[in-house]
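Since the structure comes first, as structure tokens, the remarks are kept for the end.
Nothing in this text is a laboratory measurement; each read-out follows from the coordinates by a stated rule. These figures come from a predicted structure and were not determined experimentally. Reconstructed Cβ throughout: ideal geometry from the backbone, glycine too, with neighbour counts over all protein chains shown.
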Amino acid sequence: MFKSTFDFWIDKYFYRPRYKEMLISMLLSPFTLIYTLIVYIKPKLSKPEKFKVPVISVGNLVLGGSGKTPLVKAIFNEFSNDFKTFIILRGYKRSSKGMLKVALQGEILSSVQASGDEAMEYALSLKNANVIVSENRKTAINEAINLGAKLIILDDGFGKFDIFKFNILLKSNPEPIIKLPIPSGAYRYPISFYKYADFIPDQSDIIKTMYISNRTQNMLLVTAIANPMRLKNVFGECIGIRFFKDHYKFKKEELEKLIKSYNADSLLVTMKDYVKIKDFGLNISLLELKTEISTKFKKELLNFIQNYN
């Protein structure tokens with residue numbers, strides 16, 4: 001289904017609030033206070049466990065997408081030749097439960113339904129990918145170590161305060177106007193939790209290059225990512241734009257209808273969308289994002305890895 005009116009209102013509430021949205025935020029403040037107190041207790045009650053190999057976490061404080069996946073890819077590409085690297089994530093919206101090995105040394109061991117779209121994106125787009133999904137990150141870390149891991153990257157692992165790790169925190173762009181935790185604002189953790197970050201990249205630390213493969217004259221942009229406005233630079237190149245809910249499971253018939261209704265030559269999709277529709281037999285234009293990290297960023301990570309003991 002397309003993004004509903006409620007979804008767009010939520011975006012407005014968090015990022016473009018006016019009088020009505022600000023009033024609702026104030027009315028929700030008692031619930032926000034309770035939530036904030038609970039969240040504040042969490043790191044104080046957690047004793048971080050240090051594993052045999054270094055663990056790097058890529059996370060954020062805000063609901064929705066902030067570029068975690070491209071950065072995880074960039075870190076994997078930077079270090080996987082020197083250190084056998086595993087990516088571990090929860091596997092949001094997957095059909096399976098428990099721990100699942102999605103890819104080992106580039107061999108795909110799972111379906112996209114069982115792994116979730118983000119895990120399969122890593123498995124398909126990274127050379128010699130090692131990917132595990134698990135609700136219990138510690139269990140997955142131990143399994144990765146048993147499989148020979150020398151470096152582990154946690155996708156969205158900031159909140160795992162019981163794991164000793166190098167915390168990278170990404171800032172949302174744009175940042176929410178109301179800088180309060182949910183439900184009053186869009187923050188999963190209080191903004192003061194940036195103090196737990198080991199590194200907060202700025203714009204110069206992450207170099208992004210966006211390009212389109214199999215570009216056609218009449219492309220229809222169809223995407224189910226958390227923050228589709230990150231793709232605004234290509235809106236003008238498309239004959240139409242359709243946003244779906246984050247992690248939406250596409251159906252071949254509905255995409256065929258969209259292609260016909262717009263008289264499109266191809267569907268323009270991100271890699272996260274592509275992994276779910278690659279077997280549909282449709283003409284796909286792929287929007288790919290190449291991400292690299294700055295020399296300063298590399299030094300921070302390498303210093304953590306080399307001095308880990």
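Descriptive notes on the structure:
- Relative contact order computed over the stretch 151-281 (Cα-Cα under 8 Å; 6+ residues apart), in percent: 20
- Only one of (1) 15.2; (2) 13.9; (3) 16.5 was calculated from the structure for mean projected area of the Cα convex hull in nm², and its label is (3).
- Electrostatic tally near D117: other residues with Cβ closer than 9 Å to its Cβ, Lys and Arg +1, Asp and Glu -1, net +2.
- Kirkwood estimate for the stretch 208-290, i.e. one over the average of 1/r between Cα atoms, Å: 12.6
- In order through the stretch 83-92: 3J(HN,Hα) via Karplus (6.51 cos²θ - 1.76 cosθ + 1.60), integer Hz, x for Gly, Pro: 9, 4, 10, 10, 9, 10, 8, 5, x, 4
- Taking all Cα pairs closer than 8 Å and separated by 6 or more residues, the relative contact order of the chain comes to 23 percent.
- Greater than 27 Å apart at Cα, pairs in K42/K290; K171/K290; K73/K101: K42/K290
- By DSSP, the beta bridges lying fully in the chain are antiparallel in about 35 percent of cases.
- Among 141-150, 191-200, sorting by the average number of other beta carbon atoms lying within 10 angstrom of each residue, highest first, gives 141-150, 191-200.
- Counted as membrane-span-like here are DSSP H helices of the chain whose alpha-carbon atoms extend 18 Å or more along the helix's own axis and whose Kyte-Doolittle mean is -1.0 or above; these are 29-45.
- Charges were assigned to the Cβ only: +1 to each Lys and Arg, -1 to each Asp and Glu. The resulting dipole of the chain about its Cα centre is roughly 560 debye.
- Projecting the Cα positions of S29, I145, I239 onto the charge dipole of the chain (unit charges on Cβ atoms of Lys, Arg, Asp and Glu, taken about the Cα centre) puts S29 furthest along the positive direction.
- Cut-off under 5 Å, modelled amide H: who pairs with F51 long-range: F164
- For the stretch 208-290, a simple Cβ point-charge model (Lys and Arg +1, Asp and Glu -1, everything else neutral) yields a dipole of about 240 debye relative to the Cα centre.
- Of K160/K296; K165/K299; K138/K299; K50/K138, those spanning more than 18 Å from alpha-carbon to alpha-carbon: K160/K296; K138/K299
- Charge dipole of the chain about the Cα centre (unit charges at C-beta), most positive-ward option of I108, L71, V133: V133
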